[in-house]
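The next block holds one structure in the form of structure tokens; read it before the comments.
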Amino acid sequence: PKVCIIGSGPAGFYTAQHLIKACQDVEVDIYERLPVPFGLVRFGVAPDHPEVKNVINTFTQTAKHSRCSFYGNVNVGKDVTVGELQGAYHAVVLSYGAEGNRRMGVPGEDLPGVYSAKDFVGWYNGLPSCRELKPDLSCETAVILGQGNVALDVARILLSPSDILKKTDIAQPALEALAESRVRKVLIVGRRGPMQVACTIKELREMVNLPGTRPEMVTADFEGVSEALKDVPRPRKRLTDLLLKTALDAPGDKELERRRNAAKVWGFLFYRSPTEILADPGCSRTAGIRLAVNRLEGSGDAARAVLTGEVEDVSCGLVISSIGYKSLPIDPAVPFDSRRAVVPNSVGRVHQAAGLYCSGWLKTGPTGVIATTMNNSFDTARSLLEDMDSGALDVSAAKPGSQAVSSLLEERGVKPVTFSDWEKIDSLETRRGEARGKPREKLLSVEEMLKAART
């Protein structure tokens, strides 16, 4: 049987890995819009988290398997339709992730100085489409909306000493801009309280220990929190304990000394929702943000933020919105739930579309870490294999697979990038990095990538 996977991030590769391991005669082709594989492992994971990128080794093994092929530089929905892929393969798996942004829906969010976290992360990670972002870092205070791991990544990158960043694979223009940055204070704003923060303890600990910075929190935000901790699950308890300790405990001598010498400040601000981005007098750029003050109804994860009617203004020249990524529809032929921004599915089987499957964030919405996506992709692969076994997926007729698609692409003037072409890009980036003492120096445009692939 021939299966095609659209998207070469963790969802695509983990789906491919499971199919190849579990079924001895399945052939898998992975199509990717960019000339380079690995999706958010390359363009999402923070540059100072190299250990998280080790999954690339596993993905590379899958890509080099005799029953797996990679076709980069192919934009499905534009260069070739999902319908054409369905004609060429027994099954098509949609694993193209969440490339859209959730909007805040407040006045002023399109002012210069307001960025989505997805674009900001893409900028410092060398995503070609974010190359021209050039965020203005000349202000003193930055406000990040959202308190998940991406929000903390952005805060950490904004405040990290250049000496740390220059040893990572951060994009060179971002490294240079951050070295000149005037940002000294980062506020990480959430609509609920300390018991509801969405980040994990590892990311919080990295903020607490970030060299050259000290925490500053509003003591009142923590009222009643330690009493409420009795009944919460252990991971949440440990996370909240660390927050409480950081915000309220008197630091020891060594920590006090460290904080006294810190030139930069960060802090969580709780119970606040953005209502408007405020412009400077000339209305030409961001000068502040108006926050509504909330109170909580209910407790724990189910607690809801309710407006109190109070507002407060915070001066800032940079606002980064980290309230979630969202998936976009790829092709009119594919069912799409635009309210939930997912492809409607049951265990990865796309509703009302035989032979069509989905995995990753497109299936669940943008939640969880790489391991979450791994399990969700294995589940989709299992559904597909069950359907093969039960006959629900007809694999009796021969299908042309990549042969048919390759001739379509050739007619349309599209030249795919193979995995060995990617290895040329990889080796050039690694060599460029070595010269600068970095693990790699990423190529930042599709043109440069294609040039390296074709030499």
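The values are calculated or read from the model by the stated rules, or taken from the named source; none is laboratory data. Bear in mind the structure is a predicted one, so any value in this text is a computation, not a measurement. With ideal geometry, Cβ positions are generated from the backbone for all residues, glycine too; neighbour counts draw on all protein chains shown. All accessible areas refer to the heavy atoms of the entire protein, side chains included, with ligands and DNA or RNA removed. Shrake-Rupley method; radii C 1.70, N 1.55, O 1.52, S 1.80 Å.
Structure data summary
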read-out	value
Residue list for the stretch 58-90, filter: touching a residue at least 40 places away in the same chain (Cβ under 8 Å) and among the small types (Gly, Ala, Ser)	Ala63, Ser69, Gly72, Gly77, Gly83, Gly87, Ala88
Every pair of residues 6+ apart whose Cβ atoms lie under 6 Å, when the first sits in the stretch 417-441 and is farther than 10 Å from Ala453 by Cβ while the second is polar (S, T, N, Q) and at pLDDT 95 or above	Arg440/Thr430
Selection from the stretch 92-142 of residues that are closer than 28 Å to Thr364 by Cβ and among the small types (Gly, Ala, Ser)	Ser95, Gly97, Ala98, Gly100, Gly105, Ser116, Ala117, Gly122, Gly126, Ser129
Test for Lys53: is it in the same structural domain as Gly288 (by the TED database) and outside any loop (DSSP other than H, G, I, E, B)	no
Residue identified as in contact (Cβ under 8 Å) with a residue 24 or more places away in the chain and within 30 Å of Lys363 (Cα to Cα) among Val314, Val265, Val232	Val232
Test for Thr15: is it over 17 Å from Gly126 (Cα atoms), open to solvent by 10 Å² or more (accessible area, probe 1.4 Å), part of a helix (DSSP H, G or I) and not aromatic (Phe, Trp, Tyr)	no
Selection status of Asp280, open to solvent by 60 Å² or more (accessible area, probe 1.4 Å) and farther than 14 Å from Leu94 by Cβ	no
Yes/no for Leu165 being at pLDDT 95 or above and in contact with a strand residue (DSSP E or B) (Cβ under 7 Å, 6 or more places away or on another chain)	no
In the stretch 342-354, the residues that are modelled with pLDDT under 95 and either under 23 Å from the mean Cα position of the chain (by Cα) or closer than 23 Å to Asn75 by Cβ (or both)	Ala353
Residue in the stretch 357-375 that is over 21 Å from Pro37 (Cα atoms), touching a residue at least 60 places away in the same chain (Cβ under 8 Å), of a type outside the set (Gly, Ala, Ser) and not assigned by the TED database to the domain that holds Asp163 present	no
Unique residue being at positive phi and either at pLDDT 95 or above or out of contact with any Asp or Glu (no Cβ under 6 Å at 6 or more places or on another chain) (or both) when the list is Gly108, Gly83, Gly97	Gly97
Out of Val55, Val93, Val28, sole residue that is touching a residue at least 60 places away in the same chain (Cβ under 8 Å), open to solvent by less than 10 Å² (accessible area, probe 1.4 Å) and β-branched (Val, Ile, Thr)	Val93
Count of residues meeting criterion [under 16 Å from Ala198 (Cβ atoms) and of a type outside the set (A, V, I, L, M)] in the stretch 222-236	3
Selected residue (criterion: modelled with the highest pLDDT) from residues of the stretch 278-299 that are among the polar types (S, T, N, Q) and not in a strand (DSSP E or B)	Ser284
Residue that is most open to solvent (accessible area, probe 1.4 Å) [pool: residues in the stretch 113-141 that are free of Cβ contacts under 8 Å to residues at least 40 places away in the same chain and in a loop (DSSP other than H, G, I, E, B)]	Glu132
Positions within the stretch 149-165 being of a type outside the set (A, V, I, L, M) and open to solvent by less than 20 Å² (accessible area, probe 1.4 Å), in sequence order	Asp153, Arg156, Ser160
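To keep it simple, each residue is scored yes or no on (1) touching a Cys at 6+ places or on another chain (Cβ under 8 Å); (2) farther than 30 Å from Met388 by Cβ; (3) in a loop (DSSP other than H, G, I, E, B); (4) open to solvent by less than 50 Å² (accessible area, probe 1.4 Å).
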residue: Asp313; (1), (2), (3), (4): no, yes, no, no
residue: Ile323; (1), (2), (3), (4): no, yes, yes, no
residue: Pro329; (1), (2), (3), (4): no, no, yes, no
residue: Arg339; (1), (2), (3), (4): no, yes, yes, no
residue: Gln352; (1), (2), (3), (4): no, no, yes, no
